[in-house]
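J.: Please see the structure below; I have some questions.
Please treat every number below as a calculation from the coordinates, not as lab data. Note that this is a predicted model, so its numbers are computed, not measured. Counting neighbours? That spans all protein chains shown, and the Cβs are built from the backbone with ideal geometry, glycine included.
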Amino acid sequence: MQTEGLLKQSQQLATELQSQQTELQQTNEQLAQKAQQLAEQNVEVERKNQEIEQARRAVEEKAKELALTSKYKSSSWPTCPMSCARR
C-alpha cells in the first residue's frame, strides 16, 4: 500500500515537473522572440540615428555656407548714396 502511494505521488510529481518544463520552454521561446524583435528594432534605431546625424551635418554645412555668403554679400555690397534710395 505504501509503495503504491509513493508510486502515485512520484507520477504526480513527474507530471507536474513536465508541465513546468513545458511552460518554461514556451516562456523561453517568447523571450527569444522578444529579444530578436528588440535587436531588430535596435538596428533600425541605429540606422535612423545615422540618417539624423548625416542630416544634421548637412544642415550645419549649409548654415556655414549661408553665413559665408551673407558675410561676403554684406562686406562686398557697394554702398549706395542717398540718391540711389530715392529711385
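J.: Calculate, in nm to one decimal, what residue 11 and residue 38 gain on full extension: separation in residues at 0.36 nm each, minus their alpha carbon distance.
T.: In short, 5.7 nm is gained.
J.: Follow-up. Rounded to the nearest 500, what is the 222 nm mean residue ellipticity of the chain from helices alone, with -39500 (n - 2.57) per DSSP H run of 4+ residues and division by all residues?
T.: -34000 deg cm²/dmol
J.: HN-Hα J couplings of the range 18-25 from phi, Karplus 6.51/-1.76/1.60, θ = phi - 60°, integer Hz, Gly and Pro as x?
T.: 5, 4, 5, 5, 4, 4, 5, 4
J.: From the phi angles alone, apply the Karplus equation (6.51, -1.76, 1.60; θ = phi - 60°) to the range 49-56 and give each ³J(HN,Hα) in whole Hz, x where the residue is Gly or Pro.
T.: Going residue by residue, I get 4, 5, 4, 5, 5, 5, 5, 4 Hz, with x marking Gly and Pro.
J.: Across the range 57-66, in residue order, what do the Karplus-derived ³J(HN,Hα) couplings come to in whole Hz, using 6.51 cos²θ - 1.76 cosθ + 1.60 with θ = phi - 60° and x for Gly and Pro?
T.: Taking θ as phi minus 60°, the curve returns 4, 5, 5, 4, 5, 5, 4, 5, 4, 5 Hz for the range 57-66.
J.: Please work out which option in [x] 170; [y] 78; [z] 135 gives volume of the Cα convex hull per residue in Å³ calculated from these coordinates, and answer with its label.
T.: Derived directly from the coordinates: [z].
J.: Taking the dipole about the Cα centre of the chain, with the C-beta of Lys and Arg at +1 and of Asp and Glu at -1, give me whichever of 72, 18, 52 is farthest to the positive side.
T.: Result: 72, furthest along the dipole toward the positive end.
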